[in-house]
Amino acid sequence: MHNLVGDVSSAARILPDLDGQALFIRNGKGPYLHDDQGRRYIDTALGFGAVLLGHANDTVNGQVAAALADSASPSWAHVREHAAATALAAHTGALSKVIFTNSGSEAVHLACRAARAFTGRGRIAKMAAGFDGWFDDVSFGNVGSAEAAFVDGQRPATGRTTLLRFNDFNDVERLFAEDHDIAAVILEPMLANAGCLMPAPGYLQHVQDVARRHGALVIADEVLMGFRLHAGLASQLAGLDPDIASVGKAIGNGVPVSAIVGKPEVLAAFEQGKVLRGGTFSGNPLACAAVMSTLAQLDQRDYTGLIARGQQLRQAVEAIFEAQGIVVSTSGYGNVFSLWPSRQAPTTYEQAVAVGSAAFSQALHLALREAGVLVMPSQYGRLYLSFEHDDGVLEAMKVAFERAAVKLAPQFASR
């Protein structure tokens, strides 16, 4: 009998068996993971985007181990917490105030609480099919749900959450005409968990402008994209001016940590004790050590080179499949992108539902796993690259994709 519900604590870890065998990871290093049978894989899930410096980075691990030796839970204010907040705020511009949390879901939850407190309004607007955490309020309208598809044509809403159609300029105007109780709109730099759907030119700026005009705040959910395109926020890189941002994943290179960063006036109520925040492990020494060590290294990394390598990989993968008569396209950025069995990558959730194929994505996962590369099996999955995915690793990935394309051709070739 297994005691662990469904074999995993997070549903995202569920993988199909390969030749009757389940996958259990023993350890990872750099771009690789090793399973309990001793097999090595090139990893593209990378902690679902958390591992940007590569698995088990020696410097991060060393600093975290030192923090652990000093006490994992000293209860009171400790020497690393201010330093970590200062390091993070140095990368987030006008969002100069920091509160640490433990998971991306917690960070988004706290950002929503801050927005409600600051505006006195009750409802948060999020993108349909966007994933902003698994807590009740913002899990409404997640990818795959009936609400995300606007099935009856009406705008799905609860007392605390309402949905926007991603990349629909007019829908933003309609939302604020219909609803005067919106505290904030949650924006993602791209709709990552719906398969890296890219925003149309000017769309995110339009959402921000309309929200501001109606007195609502802008929350940038950067748990996934923060620090992935540069050592800072993707929204600010794109010229946006959010009031609050949630960050996590890459800021700790896989060590559990997240935070909100915000404009001082927006987060002032927390300092005044008017709004609740807590968490025994929030801002713990291990998390703070990971943040400081990770950010110091990210400041020295060549993002331009990494993204360029990834763009080349995307082009190579498309060509590899085309050579086998399989039509594919990719969407996203060089170091985080999705693969679609269609001539054009979707730009709306409606298109994503139409062109996505669970059968194709699962078959690709199994074929690549057999060839030594781990990818997410969902049709909305993403491939991540770390700074350890160098030219040699990418060449090995291309070989694996060639093997996978040959294997998939009898089922998925269009000619």
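Please tell me if Tyr32 is at negative phi, without any contact (Cβ under 8 Å) to a residue 40 or more places away in the chain and in contact with a strand residue (DSSP E or B) (Cβ under 9 Å, 6 or more places away or on another chain). Here the answer is yes, as Tyr32 does meet what is asked. Condition (residue is touching a His at 6+ places or on another chain (Cβ under 6 Å) and touching a residue at least 12 places away in the same chain (Cβ under 8 Å)) applied to segment 249-262: is it met by at least one residue? No, every residue in segment 249-262 fails to be touching a His at 6+ places or on another chain (Cβ under 6 Å) and touching a residue at least 12 places away in the same chain (Cβ under 8 Å). Is it true that some residue in segment 176-192 is of a type outside the set (A, V, I, L, M), closer than 25 Å to Phe118 by Cα and in a helix (DSSP H, G or I)? Scanning segment 176-192, I find at least one residue that is of a type outside the set (A, V, I, L, M), closer than 25 Å to Phe118 by Cα and in a helix (DSSP H, G or I), so the answer is yes. Can you find a residue that is surrounded by fewer than 17 Cβ atoms within 10 Å (Cβ to Cβ), touching a His at 6+ places or on another chain (Cβ under 6 Å) and either at pLDDT 95 or above or not in a strand (DSSP E or B) (or both) anywhere in segment 153-164? No - not one qualifying residue is present in segment 153-164.
Within segment 194-206, one or more residues are more than 22 Å from Val247 (Cβ to Cβ) and either of a type in the set (A, V, I, L, M) or more than 24 Å from the chain's Cα centre (by Cα) (or both). Looking only at segment 169-208, filter to residues that are in contact with a strand residue (DSSP E or B) (Cβ under 8 Å, 6 or more places away or on another chain) and charged (D, E, K, R); which one of those is surrounded by the most Cβ atoms within 10 Å (Cβ to Cβ)? This residue is Glu188. Taking Asp137, is it of a type in the set (D, E, K, R), open to solvent by less than 10 Å² (accessible area, probe 1.4 Å), in contact (Cβ under 8 Å) with a residue 24 or more places away in the chain and under 16 Å from Ile244 (Cβ atoms)? Answer is no for this residue. Candidates are the residues of segment 5-17 that are part of a loop (DSSP other than H, G, I, E, B), at pLDDT 70 or above and aliphatic (A, V, I, L, M); the one that is surrounded by the most Cβ atoms within 10 Å (Cβ to Cβ) is Leu15.
In segment 126-136 there is no residue that is at pLDDT 95 or above, over 26 Å from Tyr384 (Cβ atoms) and charged (D, E, K, R).
Restricting segment 92-105 to residues that are touching a residue at least 40 places away in the same chain (Cβ under 8 Å) and out of contact with any strand residue (DSSP E or B) (no Cβ under 6 Å at 6 or more places or on another chain) leaves a set whose member that is nearest to Leu229 (Cα to Cα) is Gly93. Against the condition loosely packed, with under 12 Cβ neighbours inside 10 Å and either β-branched (Val, Ile, Thr) or not in a helix (DSSP H, G or I) (or both), how does His2 come out, does it pass? So His2 fits the description; yes. Specify the residue that is farthest from Leu368 (Cα to Cα); the eligible residues are those in segment 306-329 that are without any contact (Cβ under 8 Å) to a residue 40 or more places away in the chain and open to solvent by less than 20 Å² (accessible area, probe 1.4 Å). Restricting to residues being without any contact (Cβ under 8 Å) to a residue 40 or more places away in the chain and open to solvent by less than 20 Å² (accessible area, probe 1.4 Å), the top hit is Ser329. Run down Pro341, Pro377 and say which single residue is touching a residue at least 12 places away in the same chain (Cβ under 8 Å), surrounded by 17 or more Cβ atoms within 10 Å (Cβ to Cβ) and in contact with a Phe, Trp or Tyr (Cβ under 7 Å, 6 or more places away or on another chain). Every option except Pro341 fails the conditions.
Are any residues in segment 347-368 over 19 Å from Met198 (Cβ atoms), open to solvent by 10 Å² or more (accessible area, probe 1.4 Å) and in contact (Cβ under 8 Å) with a residue 60 or more places away in the chain, and if so, which ones? If the condition is that a residue be over 19 Å from Met198 (Cβ atoms), open to solvent by 10 Å² or more (accessible area, probe 1.4 Å) and in contact (Cβ under 8 Å) with a residue 60 or more places away in the chain, then Gln362, Leu366 are the ones that fit.
Looking only at segment 100-126, residues that are of a type outside the set (Gly, Ala, Ser) and over 14 Å from Val223 (Cβ atoms) come to 7 in all. Which one of the conditions (1) assigned to a loop (DSSP other than H, G, I, E, B); (2) acidic (Asp, Glu); (3) surrounded by fewer than 19 Cβ atoms within 10 Å (Cβ to Cβ) does Asp132 fail to meet, given that it meets all the rest? Single failed check for Asp132: (3). Scanning segment 283-301 for residues that are in contact (Cβ under 8 Å) with a residue 60 or more places away in the chain, surrounded by fewer than 19 Cβ atoms within 10 Å (Cβ to Cβ) and not in a helix (DSSP H, G or I) yields a count of 2. Across segment 89-103, which residue is nearest to Ala125 (Cα to Cα) among those that are open to solvent by 20 Å² or more (accessible area, probe 1.4 Å) and not hydrophobic (A, V, I, L, M, F, W, C)? In this case the residue turns out to be Ser103.
The values are calculated or read from the model by the stated rules, or taken from the named source; none is laboratory data. Being a predicted model, the structure only gives us computed values, none of them experimental. We place every Cβ from the backbone using ideal geometry, glycine too, and count neighbours over all the protein chains shown. SASA here: full protein model, heavy atoms, side chains in, ligands and nucleic acids out. Shrake-Rupley method; radii C 1.70, N 1.55, O 1.52, S 1.80 Å.
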